[in-house]
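Here's the structure, in structure tokens; my notes come after.
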Amino acid sequence: MKYSFAPQLETKSGMLAVFVSDDNTLSNTAKHLDTATNGALRKAIKAQRFDGKFGQTMVIPAPTNLDVDLIVLVGLGKLDKLTNDKVTKLGGGLVARLQSNGIEDLTIALDDFDGCALSGEAFAVAIASGAKLRAYRFDKYRTKEKADKKPSLKNVTIQTNAHDAATTLWQTRDKVLDGVYMARDLVTEPGNIIHPVTFAKEIETLESLGVKVEILGEKEMADLGMHSLLGVGLGSVHESKMAIMHWSGADDKDQAPVAFVGKGVTFDTGGISLKPGANMDEMKFDMGGAAIVVGAMKALAGRKAKANIVGLVGLVENMPDGKAQRPGDVVTSMSGQTIEILNTDAEGRLVLADVLWYAQDRFNPSYMIDFATLTGAMIVSLGTDQYAGLFSNDDGLSDMLTKAGQNSGDKVWRMPLSDEYDALIDSQIADMKNIGGPAAGSITAAQFLQRFTNKTKWAHVDVAGTVWSKKSTKTWEKGATGYGVQLLDAFIHENFE
Ligand code: BES
Ligand code: MN
Ligand code: ZN
């Protein structure tokens, strides 16, 4: 798909989108169209109870004296109530409607709306962002798609007076969305294609953007004492890996970096504590945390962020096997702390324990943020597709992430940590056990992670309910959502640049 910004309306065919705000106030272009068609627009509006409410759309055939095939009226509601997020959804909504209906060109006419909460360029880029987010498809394994089901839309052109500023702004937004696309690709790929070895290979492609990539294998991790992570991969035929990505974009290359850490369980069967069969296929998305980190590195390097960032992901496959670890086993983590494994399905925390410890030990980061599809209990607390759960030992960091969440649309909701919850993972025979009781499962998982942060300013984002969606929305087609990449982009932009 091609996205562009133009000063003049130049349509030949396809669909033209024009806006109508609250109480049926037509935009200038809409007014022109109405005049040029002897009042056809107003007539259609009257006939169909259209009143310009936010998100309303109405398609009408274009009169033959115009250079387009169809006109879509789009409701904006109250102009002073518009936000980035809302306008993004408008762009996505248009693409959801048009992408495969035969139309190749969508032209969106933006007028200078007096009293609009967004600048012309912000409005234009938000519309284009929504369009690109919603246009994502993963078609690689389809060999028999009928021609009439294939996407037809090829060009999205946005007419705006702020076209120069919009084009400049889009250059960075576009890179961020490429990061979202990469995260979605990684999450959507099945477990036989993306396993620790191939995932590490994909990460190496970031080197073309100037990211320095190091990959550690089992031998190197064993030398470091990372037996908590390594235990999870014992049942897999694929070698466990840890990937470390460096982006040094700050003027001061020696400035302490921000560290992003991701859970990369490329498939989670539960191991010897095997999961039930229903929906087990979805556990290919158990590397969603790692995909967020990799997608964010791609976004930030792509747009040349002026910040120092390291991304670390632990890549393992959790399989049952004669060599797999057992419930009851005790392992020693890189930190020296011992862990009694009472359930091999609580594996994400075992992977993160060693990666978090390694990250703070080697990089001494100013902040450390981990992302993980860690607990089913997170979905019980916050549901799916809305808020991810945020846990943090630092109020400042928590506020920064909450704000970045509101601004980017990737929202987080803070959950508690406390000594009382922490006591629930004390073990009879080791320093800790890898599960708490039946209650507060997401919190006990976070308490476990906290024991490996060594007092670094840290946040944990449990994305179990947000990286994968069973339903389509205005910004994604059902499947991988790409959640988290835009959150990290906003977090870096708002606080470090
Ligand atoms: N990857 C799962 C968590 C998960 C489940 C994410 C469903 C998304 C959807 C994790 O490894 C896991 O299995 N957690 C267990 C922990 C339990 C054994 C303490 C869970 O949530 O049931
Ligand atoms: Mn599990
Ligand atoms: Zn898991």
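The values are calculated or read from the model by the stated rules, or taken from the named source; none is laboratory data. If you're wondering where the values come from, they're calculated on a predicted model, not measured in any experiment. Positions of Cβ are generated from backbone atoms using ideal geometry, with glycine treated the same way; all protein chains shown enter the neighbour counts. Note: areas computed on protein heavy atoms with side chains; ligands, DNA, RNA excluded. Shrake-Rupley method; radii C 1.70, N 1.55, O 1.52, S 1.80 Å.
Of Lys144/Lys263; Lys46/Lys78; Lys175/Lys474; Lys149/Lys411; Lys149/Lys478, which ones are farther than 23 Å apart at the Cα?
The answer is Lys144/Lys263; Lys149/Lys411.
Using +1 at the C-beta of Lys and Arg and -1 at the C-beta of Asp and Glu, which of Trp170, Asn434, Val467 has the Cα lying farthest in the positive direction of the dipole of the chain?
The residue sitting most towards the positive pole is Trp170.
Suppose every K and R has +1 on its Cβ and every D and E has -1 on its Cβ; what is the size of the dipole of segment 2-161 about the Cα centre, in Debye to the nearest 20? It would help to have the intermediate numbers written out before the result.
Numbers: 23 positive and 18 negative charges, 185 e Å.
So the dipole magnitude of segment 2-161 works out to roughly 900 debye.
What order do Ile215, Ile492 take when sorted by accessible area (1.4 Å probe), most exposed first?
Highest to lowest solvent-accessible surface, that is Ile215, Ile492.
Starting from segment 122-211, pick out the chymotrypsin sites (Phe, Trp or Tyr not before Pro) whose DSSP state is loop and whose Cβ has at most 15 other Cβ atoms within 10 Å.
Here the chymotrypsin sites (Phe, Trp or Tyr not before Pro) that fit, given the DSSP loop and packing criteria, are Phe138, Tyr141.
With the dipole of the chain worked out from charges on the C-beta (+1 for Lys and Arg, -1 for Asp and Glu) around the Cα centre, which of Ala250, Leu153, Asn101 lies farthest toward the positive end?
Selected residue: Asn101.
When DSSP beta bridges are limited to those with both residues in the chain, what percentage is antiparallel, rounded to the nearest 5?
Just about 40 percent of them are antiparallel.
Taking the Cα centroid of segment 236-310 and of segment 163-221, what is the distance between the two, rounded to the nearest whole Å?
First find each Cα centre; the distance between them is then 9 Å.
For Lys471, what accessible area in Å² do you get when you roll a 1.4 Å probe over the heavy atoms of the protein chains, rounding to the nearest 10?
110 Å²
Run the accessible area of the chain with a 1.4 Å probe and give the carbon-and-sulfur part as a rounded percent.
On the way: 10230 of 20630 Å².
C and S fraction of accessible area: 50 percent.
Take peptides 293-303, 322-332 and line them up by average Cβ neighbours within 10 Å, highest first, as a rough protection proxy. Before the final figure, lay out the partial values.
Details: 293-303: 27.5, 322-332: 15.2.
Most protected by this proxy first, the peptides run 293-303, 322-332.
To the nearest 500 deg cm²/dmol, what mean residue ellipticity at 222 nm is calculated for the chain from DSSP H runs of n ≥ 4 alone, each contributing -39,500 (n - 2.57), summed and divided by the residues?
Result for the chain: -10500 deg cm²/dmol, rounded to the nearest 500.
How do the peptides 182-192, 110-120 rank, highest first, by the average count of neighbouring beta carbon atoms within 10 Å per residue?
Numbers: 182-192: 20.9, 110-120: 16.2.
So the peptides 182-192, 110-120, ranked by packing, come out 182-192, 110-120.
Quick one: dipole size for segment 66-161, taken about the Cα centre, charges +1 on Lys/Arg Cβ and -1 on Asp/Glu Cβ, in debye to the nearest 20.
Roughly 840 debye, rounded to the nearest 20.
Where does segment 277-381 land on the Kirkwood hydrodynamic radius, alpha-carbon pairs, in angstrom?
15.9 Å is the Kirkwood radius here.
In whole Å, what are the Cα extents of segment 2-161 along the three principal axes, biggest one first?
47, 34, 30
Under the definition of Cα pairs under 8 Å and six or more residues apart, what whole-number percent is the relative contact order of segment 251-356?
In percent, rounded to a whole number, it is 38.
Pairing the Cα long axis of helix 163-188 with the longest principal axis of the chain, what angle in degrees results, from 0 to 90 and rounded to the nearest 10?
40 degrees
Given a 1.4 Å probe, how much area per residue of the chain is accessible, in Å²?
Accessible area per residue, the chain: 42 Å².
Taking 25 °C and 0.890 mPa s as the conditions, I'd like the Stokes-Einstein D for the chain in µm²/s, using the Kirkwood hydrodynamic radius from alpha carbon pairs. Please report the intermediate quantities before stating the final value.
Numbers: Rh = 23.9 Å.
The diffusion coefficient I find is 103 µm²/s.
Can you tell which of Met400, Ala200, Leu133 lies farthest toward the positive end of the dipole of the chain, using +1 and -1 charges on the Cβ of basic and acidic side chains (Lys, Arg; Asp, Glu)?
Towards the positive end, the residue furthest out is Leu133.
Over the chain, calculate the relative contact order: mean separation of alpha carbon pairs under 8 Å at least 6 apart, over the residue count, as a percent.
The normalised contact order for the chain reaches 15 percent.
Just to verify a number: what accessible area does His493 come out at with the full protein assembly present, 1.4 Å probe, Å² rounded to tens?
Solvent-accessible area, nearest 10 Å²: 110 Å².
Compute the signed sum of charges (Lys and Arg +1, Asp and Glu -1) over the other residues within less than 14 Å, Cβ to Cβ, of Ile339.
Neighbour charge sum, excluding Ile339 itself: -2.
Which value, in debye to the nearest 20, describes the size of the charge dipole of the chain about its Cα centre when Lys and Arg Cβ atoms bear +1, Asp and Glu Cβ atoms bear -1, and nothing else is charged? Before the final figure, lay out the partial values.
Details: 53 positive and 62 negative charges, 356 e Å.
The dipole magnitude comes to about 1700 debye.
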